[in-house]
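Novice: First the structure, then my questions, so here it is.
Since every read-out is calculated from the coordinates, none of them should be taken as a lab result. What you see is a predicted model; the values in this text were computed from it and never measured. Cβ: placed from backbone, ideal geometry, glycine included. Neighbour counts: every protein chain shown.
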Amino acid sequence: MDNQIRIKLLVLDLDGTVLRSDGSLSGELVKAVNQVKTHGITVILATGRMVRSAEPYWLQLQLGTGPLIAYNGSMVVEMPQQVPWFSWHLTEDVARFVIEEALDADILTQVYVSNELWLSKEDERAQHYIEVNHIPGDVKSREGLLSWPSPPIKILLQDDPDKLDQFRLRISPEVLGLQGRIFKSQADYLEIVPAGVGKGPALAKVAERLHLSPQQIMAIGDAENDVDMLKWVGMGVAMGQAPELVKHAADVVTKSVDQDGAAYAIYRWLLDPMQGFHEMQY
């Protein structure tokens, strides 16, 4: 069946998919998204980011009213008013275990509590993220990181990729036993969310609320945290620079993010090729 007819919802990851290596949106991607919307297809974002740091891109793409999947599926809000739809939090046990183990291993620990970002130590990249997105952020002591008003939404650990891989192997059994889920969202990002939470499960709830089947949804992503989403939808697209794990989960593979892979995929597999695909120069 023609994708232009059957696809009703396009779901886009942000970092590594919509956002290029320098953090910018390409004009070609904006143009492709605008063409999708003219066909009556809804476009939404599914990201590991907080709502506040995803909001500027929602507004830049002029996505209007619709659900934003944030925190890798731990929260869904209706934009632009940020009306809550769903949210899940880590159990106290898994949050305490992960934070304590990460601090003992001297891994940069980022704890997402309510709308705030707590850090275990000063870090240039994390501080830039806080400043650019105007997020309440603070460096806290060990005791401070473990003293939350309500359990964290997610925990993000940042370090050398090999160090994180070894750390993941060591803590995974305990994390799973404490009702947590662990995965990588970038080579140097290890994330912990509640068990059963992910972009895929969150999208399934969104689809149910919007009365859509998986076959009516196309999703584009580039990392391990996109795998369950790419497997669940009717048309899963992996970015060209994605790890093999992600490519194997997808139906098709597009070009890399710095080659406008998301726009290429939209033209190639969603829009009529005569309306845009041949306009792109590769």
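Novice: So what's the back-of-envelope 222 nm ellipticity for the chain, counting only DSSP H runs of four-plus at -39500 (n - 2.57) apiece and dividing by all residues, rounded to 500?
Specialist: Mean residue ellipticity, 222 nm, calculated: -10500 deg cm²/dmol.
Novice: Quote the charge dipole size of the chain about the Cα centre in Debye, to the nearest 20; the model charges only the Cβ of Lys and Arg (+1) and of Asp and Glu (-1).
Specialist: That gives a dipole near 960 debye.
Novice: Could you work out, for the chain, what percent of all Cα-Cα pairs fall into each 10 Å distance bin, beginning at 0 Å and stopping at the bin that holds the largest distance?
Specialist: Percent of Cα pairs in each bin: 7, 30, 36, 20, 7, 1.
Novice: Lysine pairs in segment 92-194 with Cα distance under 19 Å, only those 8 or more apart or on different chains: how many are there?
Specialist: So the count of such lysine pairs works out to 6.
Novice: While we're here: Running Debye on segment 135-273 with equal point scatterers at the Cα sites and no solvent, what base-10 log of I(q)/I(0) appears at q = 0.08, 0.10, 0.12, 0.20 Å⁻¹?
Specialist: -0.28, -0.43, -0.61, -1.23
Novice: While we're here: Among the aspartates and glutamates, select those whose C-alpha is under 13 Å from the C-alpha of residue 255, and discard any that sit fewer than 8 residues away in the same chain.
Specialist: Those aspartates and glutamates meeting the cut-off are 222.
Novice: Filter the GluC sites (Glu not before Pro) in segment 12-113 to those in DSSP coil with at most 11 other Cβ atoms within 10 Å of their Cβ, and list the result.
Specialist: Taking segment 12-113 and a limit of 11 other Cβ atoms within 10 Å, no loop GluC sites (Glu not before Pro) are found.
Novice: Which whole-number percent is the relative contact order of the chain (Cα, under 8 Å, 6+ apart)?
Specialist: Contact order relative to length: 20 percent.
Novice: About the Cα centre, and with charges only on the beta carbon of Lys, Arg (+1) and Asp, Glu (-1), how big is the dipole of segment 1-60? Nearest 20 debye, please.
Specialist: Roughly 180 debye for segment 1-60.
Novice: Continuing with the same structure: Rounded to whole Å and ordered largest first, report the semi-axes of the equivalent ellipsoid of segment 151-225 derived from its Cα gyration tensor (root of 5λ).
Specialist: Values for segment 151-225, descending: 27, 15, 9 Å.
Novice: In addition: Counting pairs of Cα atoms in segment 92-194, how many percent are more than 15 Å apart?
Specialist: 59
Novice: For segment 209-271, what mean projected area does the convex hull of the alpha carbons give, in nm²?
Specialist: 4.2
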